[in-house]
Amino acid sequence: MLEDENVSRMLDILGNKNRRRIIMLLRERPCFVTEISDLLMISPKAVIDHLQLMEREQILSVRYDLNRRKYYYLSNNFQIVISPEAISNAEYEGLPADSALLKEAKSRVPHNEAAGADGYCAASDSSSDTRGTSVADKDNAAVSGRISDADVGRTLGCISDIRYLMESRSEILSDLRALESEVNDKILELKTACKEIIGSETELNLVLALAGYEISAEDLSQLLKTPVPEVAEGLRGLEAKGIVERTGSLYRICDNYVR
């Protein structure tokens, strides 16, 4: 179990919607930066910032494939359960009041006449009445009486849509795995057949990073964890060979090529 200080920090980190989306994606499989950016439609710079924060907090770990591509994955799978008691305790232990997850959890805590002065709700008595029917049974019967066929139909429709979307997601992930295999084949071809042009590991990493986006030298340095001077030297070499071009502060792969 996490200590109160760690709980507070974890809630602050997961209070960001995009970080939660990244974690959900990485629960499926490890991914690299541009893959996460494409799937979640978040800018590469923002993805890098989120990943580095979660890596520092040891939520994520990294590994490299044979092509030196950096994959992120969950260090440990985890689940956070927030109860009314946990919320109250966290407040008294100094959890930031503007934590998004805390606000969301608070909004779901029931407040009714049975709540005591400390904010906790009294436990329901599920003992049987004089006719042998439990309070819970009577409540269930009352709820059933309020449910219409339209409500049931709408609920089943939502579930059906979710099932369709989950099946579609599985198909997309399968297609992505096939595409990833093709990408790896092309990277291998680039390393072997084009080594006269792509002469160093730095140049190879720069080309792979620029294959999908226009990026500045500073962002490339951060993405590749390579010093800016080394990145700048590699970019100048690729520019001289006609592989990379610069517009303002951004670099990209040249469009003109012959098959």
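Just so it is clear, none of the values below were taken in a lab; they were calculated from the coordinates. As the structure is a computational prediction, the values presented were derived from the model and not from experiment. Virtual Cβ from ideal backbone geometry, glycine too; neighbours counted across all protein chains shown.
Remark: the stretch 159-175, residue by residue, has Karplus-estimated 3J(HN,Hα) of 4, 4, 5, 4, 4, 4, 5, 5, 5, 5, 4, 4, 5, 5, 4, 5, 4 Hz, where x stands for each Gly or Pro and the curve is 6.51 cos²θ - 1.76 cosθ + 1.60 at θ = phi - 60°. Across the stretch 44-52, coupling constants 3J(HN,Hα) worked out from phi with the 6.51/-1.76/1.60 Karplus curve, θ = phi - 60°, read x, 4, 5, 4, 4, 4, 5, 5, 5 Hz, and Gly and Pro carry x.
Taking amide H as placed 1.01 Å from N in the peptide plane, residue 216 has its amide H under 5 Å from the amide H of 251, each at least 5 places away in sequence or on another chain.
Cβ crowding within 10 Å ranks 63, 19 as 63, 19, fewest other Cβ atoms first.
In sequence order, the stretch 178-194 has phi-based couplings of 5, 5, 4, 5, 5, 4, 4, 5, 5, 5, 4, 4, 4, 5, 8, 7, 10 Hz under the Karplus curve 6.51 cos²θ - 1.76 cosθ + 1.60, θ = phi - 60°, and Gly or Pro positions carry x.
Summarising the label geometry, the points placed 7 Å from Cα in the beta-carbon direction at residue 200 and residue 167 lie 5.3 nm from one another. Taking a point 7 Å from the Cα of residue 177 along the Cα-to-Cβ direction, the residues of the stretch 30-53 with backbone N closer than 17 Å to it are 30-32. When each of the peptides 208-218, 193-203 is scored by the mean number of other C-beta atoms lying within 10 Å of its residues, the order from highest to lowest reads 208-218, 193-203. The label-point distance for residue 225 and residue 29, in a model that sets each label 7 Å from Cα toward Cβ, rounds to 2.3 nm. The residues 54, 41, when put in order of fewest to most other Cβ atoms within 10 Å, stand as 41, 54.
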